[in-house]
Amino acid sequence: MKTPENASTELKTFLEDARRVANESGVLLPEPPYRFGLDHCWSCHREFLVFAWPSNGPWSTAEPPAEGRPATIAEVFGETVGYSYWSNTCPFCGERTGDYFLYFKPTGPFFSIEGDFREDTEESYTADMEAIAAWHRNPSRAEG
Ligand SMILES: [Zn+2]
């Protein structure tokens, strides 16, 4: 993602962090429609990029766009849901990242875009990235 000319300070700072993590993990920053956030692996604890895309909801069975699809997005079988779905995985150890933790925990990188990311326009893309960046800088730790 190129830094938009009108990007907020939060988004510029986030993109600097994201580029550092991209270099460290060998996973490139994606182009639209892929939104991206930063997370730490629950298993190996290293920091890496996680991705969200239009038409994807948590535990989505819809195949993500093939063009530019990050290699860490993989179809996995979910024991809890009982079917195969598309998930983020860790580039270092291969463990999947639970969608619950990405979308529904207040500290999750996609908590702030829940419900909005299915639309795919230039405006919604930028709005989602701004929301992810603001969340990255100041995640809500609100209880309940
Ligand atoms: Zn890992």
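Read the figures in this text as sums done on the coordinates, not as results from a lab. The shown structure was predicted, so the numbers you read here are calculated from the model rather than taken from an experiment. Virtual Cβ from ideal backbone geometry, glycine too; neighbours counted across all protein chains shown.
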Computed over the chain: longest principal axis from alpha-carbon atoms vs helix 122-137 long axis, angle to nearest 10 degrees, is 90
Rounded to the nearest 10 degrees, the helix 9-25 long axis (Cα) sits at an angle to the longest Cα principal axis of the chain of 50
Amide H neighbours of PHE36 at under 5 Å, excluding residues fewer than 5 places away on the same chain, with H built from the backbone geometry, are ALA52
Treating every alpha carbon of segment 35-81 as one equal point scatterer without solvent, the Debye formula yields log10 I(q)/I(0) values at q = 0.16, 0.18, 0.25, 0.29 Å⁻¹ of -0.53, -0.67, -1.15, -1.26
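Order these by the 10 Å Cβ neighbour count, fewest first: SER25, SER87. Don't jump to the answer; show the numbers that get you there.
Details: SER25 16, SER87 22.
Arranged by neighbour count, lowest to highest, SER25, SER87 become SER25, SER87.
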log10 I(q)/I(0) for the chain, Debye formula on C-alpha points only (no solvent), q = 0.17, 0.19 Å⁻¹, two decimals, reads -0.94, -1.20
